[in-house]
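The values are calculated or read from the model by the stated rules, or taken from the named source; none is laboratory data. Everything numeric in this text was worked out from a predicted model, so none of it was measured. Glycine gets a Cβ as well: all are built from the backbone with ideal geometry, and neighbour counts include every protein chain shown.
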Amino acid sequence: MHTQEGRTAAGRAEMALVGGFAGLSIWALVEQIPEVVTQPHAYLAVFSFVSGFFAVLLGLSGPYRVARSIWPALCLSAVAAVLFFAAGLRFDTLETFFDAGYPAIAWAILLAVGTPFAASLLRDHRMVWDYVHLFDVSWGILVRYSAAWLFAGVFWAVVFLSDALLQIVGLTVIDDLLDIDAVPYLITGVALGLGLSVVHEMRDYLSPFLVLRLLRLLIPVVLAVVVVFVIAALLQDPGALFGSLSRAGTLLAVAVAMISLVSVALDRGDADAVPSGWMRWATGALALLLPVIAALAGYALWLRVAQHGWTPPRLAAVCSAGIVAIYALTYAIAVMTGRGWMRRIRQANILIAGLVLALAALWLTPLLNAERISSASQVARILREDLSPADAPLWELQNDWGRAGQRGLDFLIAQMGNDHPEYAKAIAALSKVPSKWELEQVTQDTRELRDAKALLNSLSIIPAEADIQAQNLLAWSGYRLRNWAELCEKRSDPGCVLLLGDFQPTQLGREGFLFLPTNGRNFTVFSVFERGADLFIGANVPTEGAMQVTRGHVEHIMEGRFEVAPSSRNSLWIGALELFPEF
């Protein structure tokens, strides 16, 4: 008994020591190493190697002794750090590199997915493809880390509460200790290591099986929702439903949830899987519906990429959709081939996990340089479609897509020369504005001018000799210019009509009406008035009684069958209908 207690205490001390070293290492990386390693990319390599090493080491330690876990942790973190360093060379600064986000995600995936395989190698190199062991290790690491971080949070709550209590009697010893820069990192590391050790000791009581059993309860709920969604989606126009990256992201998230639930239901083996009956049938149905969700997500991404070209988020989404599609096809084929489908899905999970590892590594290599692919795609799109600067990703090329983006921007400038002054203005503003939002303000006039020109080209102006330029419409709000331009471009005769006249002789400038079709028969009417060089939109014009401005009325205007006649005020008379500009 004493021997067992001694081993337990030694194990806890060992893990607390490793956690403490991890905390102090992170403190050194944040506070001290930048002053020693001044080259940004060298610092990136050191940071990713040290932090990755301790993350893997703490994940492996517990089930395995620390001494045995060091070598695989070193190997895995070294490979990930080299790839992370190579990806960092695409960017001039670490700030833009980390702002990109996706290389860091790929690095984290390498460590997270690679750790269970490293654990299998520790146990027996012949068990690297053993699904039972990989399943147990993966869920075990997740539960241990979650519980340990929860313990670290509670530990800090106790520290703060203790400090508050001691300060009541004038003792500031805890506060003084926390003022030492390294101490908070040390405390967090020790608490995390200690928590990991205790959670492993209590693995018979706090195991993944409770979590897995709870997650199984979600299978019929998710199945019902997916069935309703698929039926509703198939009855609607997919182009209107899924032409959005956010909706593709939602579909991919649902697909990942479905994959996770199927894997949870199948557990580590047939003996542990959901019992035969309706739950097993529901799991198979969920696997068969997965290709539908994967196909809809792929279609949504295809629409987005075809319309707007490649960007790093779209490329990451397509890579994710590709992995989801492989899961979907293998799951569906496994179920449809009949008996033994659960065993086939488990084996497929191992192979696809290896594929995810390879894809994460590939993302960090020049072979899958998201910034280079995106820059080439967007520059070609700008030149091909003659985009306005407001619609071109100039900020991303300059600031977000690293050296590849800058090369793309230089090529764009060389290709355009002096033929596009609006681009010269926008590109010159790139170095003067600190944010994308401010750049959009600079290029907003260009966007609004384009919309004003589109609207003006779609308007029938009366009288025909009225001199109205696109610049005269820039006093209208941007959303009105954009929405009305789209509305008027789609309408056939009489379409949208702008009528100007001298409705207030005592005022300088003209007044009039803008007629906008609301449906096949009626029109909405706005007052317009001229002040200086600008034409302003006034109030919506109410009609007398129940009379509405109809297509027939507007056709009369187009034919000249109207008059501007005085009453107590000058009004527009279309037969018996009187309209007056309201301002």
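Is it the case that segment 373-394 has a residue that's over 23 Å from the mean Cα position of the chain (by Cα) and polar (S, T, N, Q)?
yes
Looking at L186, L177 in this structure, which one is under 16 Å from W27 (Cβ atoms) and either buried (at least 16 other Cβ atoms within 10 Å of the Cβ) or in contact (Cβ under 8 Å) with a residue 60 or more places away in the chain (or both)?
Details: L177 fails: either buried (at least 16 other Cβ atoms within 10 Å of the Cβ) or in contact (Cβ under 8 Å) with a residue 60 or more places away in the chain (or both).
Result of the check over L186, L177: L186.
Filter segment 333-378 for residues that are outside any helix (DSSP H, G or I) and of a type outside the set (K, R); which is farthest from L134 (Cα to Cα)? Step through it out loud before you land on a result.
Let us first name the residues in segment 333-378 that are outside any helix (DSSP H, G or I), namely 337-340, 364-365, 369.
Remaining after also requiring of a type outside the set (K, R): 337-338, 340, 364-365, 369.
Numbers: T337: 25, G338: 25, G340: 20, L364: 25, T365: 27, N369: 31 Å.
Ranking the qualifying residues of segment 333-378, first place goes to N369.
Give me a count of the residues in segment 26-40 that are part of a helix (DSSP H, G or I), of a type outside the set (D, E) and surrounded by fewer than 18 Cβ atoms within 10 Å (Cβ to Cβ).
Residues of segment 26-40 part of a helix (DSSP H, G or I): 26-36, 40.
Those still in the list that are of a type outside the set (D, E) too: 26-30, 32-34, 36, 40.
From the residues that got through so far, the ones that are surrounded by fewer than 18 Cβ atoms within 10 Å (Cβ to Cβ) too are 28, 30, 32-34, 36, 40.
Result for segment 26-40: 7.
So which residues in segment 291-332 are outside any helix (DSSP H, G or I), surrounded by fewer than 22 Cβ atoms within 10 Å (Cβ to Cβ) and out of contact with any Lys or Arg (no Cβ under 7 Å at 6 or more places or on another chain), if there are any at all? Don't jump to the end; show me each part of the working.
First, the residues of segment 291-332 that are outside any helix (DSSP H, G or I): 309-311.
The next check asks that each one be surrounded by fewer than 22 Cβ atoms within 10 Å (Cβ to Cβ); those that pass are 309-310.
Answer for segment 291-332, where residues must be outside any helix (DSSP H, G or I), surrounded by fewer than 22 Cβ atoms within 10 Å (Cβ to Cβ) and out of contact with any Lys or Arg (no Cβ under 7 Å at 6 or more places or on another chain): just W310.
If you check every pair at least six apart or on different chains, which have Cβ atoms under 9 Å apart with a residue in segment 459-477 that is closer than 22 Å to D493 by Cβ and outside the structural domain of G532 (by TED's automatic domain parsing) first and a residue that is in a helix (DSSP H, G or I) and among the basic types (K, R) second?
Sorted first by the residue in segment 459-477, then by its partner, the list stays empty.
Looking at segment 14-26, is at least one residue of a type outside the set (D, E, K, R) and more than 15 Å from T188 (Cα to Cα)? Step through it out loud before you land on a result.
As a first pass, look at segment 14-26 and keep what is of a type outside the set (D, E, K, R): 15-26.
Okay, now just the ones that are also more than 15 Å from T188 (Cα to Cα), so none.
No, that holds for no residue.
Please give the number of the condition V66 fails out of (1) within 32 Å of the chain's Cα centre (by Cα); (2) of a type outside the set (S, T, N, Q); (3) buried (at least 18 other Cβ atoms within 10 Å of the Cβ).
Going through the list (1) within 32 Å of the chain's Cα centre (by Cα); (2) of a type outside the set (S, T, N, Q); (3) buried (at least 18 other Cβ atoms within 10 Å of the Cβ), V66 breaks only (1).
Sort through F53, F49 and tell me the only one that's farther than 21 Å from L194 by Cα, part of a helix (DSSP H, G or I) and at pLDDT 90 or above.
Details: F53 fails: farther than 21 Å from L194 by Cα.
From the options F53, F49, the qualifying one is F49.
Within segment 445-470, count every residue that is touching a helix residue (DSSP H, G or I) at 6+ places or on another chain (Cβ under 8 Å) and under 12 Å from L500 (Cα atoms).
Total meeting the criteria: 3.
Name every residue in segment 33-79 that is among the hydrophobic types (A, V, I, L, M, F, W, C) and within 19 Å of F91 (Cβ to Cβ), in order of residue number.
Within segment 33-79, the subset among the hydrophobic types (A, V, I, L, M, F, W, C) is 33, 36-37, 42, 44-47, 49-50, 53-58, 60, 66-67, 70-71, 73-76, 78-79.
Those that are among the hydrophobic types (A, V, I, L, M, F, W, C) and within 19 Å of F91 (Cβ to Cβ): V37, A42, L44, A45, V46, F47, F49.
So which residues in segment 503-525 are within 17 Å of E555 (Cα to Cα) and part of a strand (DSSP E or B), if there are any at all?
Once the filter is applied, which keeps residues that are within 17 Å of E555 (Cα to Cα) and part of a strand (DSSP E or B), segment 503-525 yields G512, F513, L514, F515, L516, P517, N522, F523, T524, V525.
I180: of a type in the set (V, I, T) and in a loop (DSSP other than H, G, I, E, B), yes or no? Talk me through it step by step, then tell me what you get.
Details: of a type in the set (V, I, T): yes; in a loop (DSSP other than H, G, I, E, B): yes.
Spelling it out, I180 is indeed of a type in the set (V, I, T) and in a loop (DSSP other than H, G, I, E, B).
Taking segment 386-398 on its own, how many of its residues are in a helix (DSSP H, G or I) and either assigned by TED's automatic domain parsing to the domain that holds P312 or modelled with pLDDT under 80 (or both)? Step through it out loud before you land on a result.
Taking segment 386-398 as the starting set, the residues that turn out to be in a helix (DSSP H, G or I) are 389-391, 394-398.
Still in the running and either assigned by TED's automatic domain parsing to the domain that holds P312 or modelled with pLDDT under 80 (or both): 389-391.
Total satisfying the criteria: 3.
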